[in-house]
Amino acid sequence: MNFILDNWYLIFLALASGALLLVPALKGGMSGGLTAAQAVQLINREKAVVIDVCEPQEYAAGHVNAAKNVPLAQLQERLPQVVKNKAVPVILVCAKGARSARAAGIARGLGYDKAQSLSGGLAAWREAGLPVEKT
């Protein structure tokens, strides 16, 4: 008992460092998003469809090559028209990744079980050095 009382700061330091090591793992596990490299593999291997959920102005300023623009507010109505085959993987993209994460939940609710969000959005895509198209 004396050891614990005399060395409480060492125990606290050990617990705090362990918690800090878990934070990145927990964040990655909760997001469930794809990295840019994983998205490219899905596009090339499984012919995934890329849906950009940004507003039309943002989409025109830059988007993933061959991405189709369906703003988040219209996703529930328009996604079944744009992607008819629900078995095809769907990659949802936005500027930073927050809207696309919500969009992935909406898409899964519509029956698109292979819908996933691009972690970090278009910013992560650009950071990976992948091509961006402007209209």
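The values are calculated or read from the model by the stated rules, or taken from the named source; none is laboratory data. Computed from a prediction, not measured in an experiment: that's the story for all the values here. Heads up, the Cβs are rebuilt from the backbone with ideal geometry, glycines too, and the neighbour counts pull from every protein chain shown.
Annotations
- Within segment 37-96, the only residue that satisfies the criterion of being in contact with a Lys or Arg (Cβ under 9 Å, 6 or more places away or on another chain) and at positive phi is 62.
- Residues that are more than 17 Å from residue 119 (Cα to Cα) and surrounded by 17 or more Cβ atoms within 10 Å (Cβ to Cβ), drawn from segment 69-92: 69, 70, 71, 75, 79, 83
- Residues (free of Cβ contacts under 8 Å to residues at least 60 places away in the same chain, outside any helix (DSSP H, G or I) and buried (at least 24 other Cβ atoms within 10 Å of the Cβ)) located in segment 104-124: 115
- Within segment 70-103, the set of residues being assigned to a loop (DSSP other than H, G, I, E, B) and either of a type in the set (A, V, I, L, M, F, W, C) or touching a Cys at 6+ places or on another chain (Cβ under 9 Å) (or both) comprises 70, 71, 83, 87, 88, 94, 95.
- Residue 98 in the same structural domain as residue 37 (by TED's automatic domain parsing), under 9 Å from the mean Cα position of the chain (by Cα) and loosely packed, with under 15 Cβ neighbours inside 10 Å: yes
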